[in-house]
Amino acid sequence: MNNLLKGMALFFALAVVGCGGKEKEQKEEGFSVQRKKTTTEQPVETTTNTVKASERVDMSTKGVGPVTSVELPADIDQAMATKGKEVYDQMCLACHRIGKKFIGPAPNGILERRTPEWVMNMILNPQEMVQKDPLARDLLQEFNGSPMSNQGLTEGQARAILEYFRTLN
């Protein structure tokens with residue numbers, strides 16, 4: 001038993017000396033490995049855009065697309081709004097829910113945050129809007145990269161949907 005303990009002690013002593021000797025030999029030959037502790041820097045948070053794109057108010061842009069001007073009368077055209085609800089229910093309801101975030105943003109209150117032209121251009125021209133409009137790009141990011149699909153609607157259908165959105169405020 002004593003011989004076993006002495007043998008183990010000798011083995012560990014040789015292992016310690018052997019490992020230390022290799023490092024010394026490597027340094028003498030011009031090769032060394034030194035490991036430095038690395039510190040990870042925490043990313044600095046910016047406070048410039050803390051408001052979600054869907055909640056951000058931007059009444060200064062008309063977006064990118066065919067619609068450059070929309071005149072909204074003071075009174076809501078109920079017949080047009082009814083037609084807009086029909087088109088919305090058929091073409092938009094798969095991704096947009098009133099009053100809650102779904103695949104896309106909720107449409108209620110949209111005209112308090114966006115110009116009518118921007119809304120119609122987003123409906124009619126979503127691919128180019130995402131490419132060229134910063135707010136549309138931010139919305140794409142906020143909604144996990146789910147792009148709005150082009151439903152092939154006419155300007156009249158988009159205008160009817162816009163009129164329906166006026167009833168949701």
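Coordinate-derived values only; no laboratory data. This one's a predicted model, so the numbers in the text were calculated from it and none came from an experiment. Please note: Cβ atoms are built from the backbone with ideal geometry, for glycine as well, and neighbour counts cover all protein chains shown.
For the residue pairs K62/K132; K62/K100; K101/K132, the C-alpha atoms sit more than 18 angstrom apart in K62/K100; K101/K132. Taking label positions 7 Å along the Cα-Cβ direction at both R56 and A94, the computed distance is 2.8 nm, reported to one decimal.
Charge tally around G84: other residues with Cβ under 14 Å, Lys/Arg +1 each, Asp/Glu -1 each, net -1. In this structure, Q131 and Q78 have a Cβ-Cβ separation that, at R0 = 30 Å, corresponds to a calculated FRET efficiency of about 0.25.
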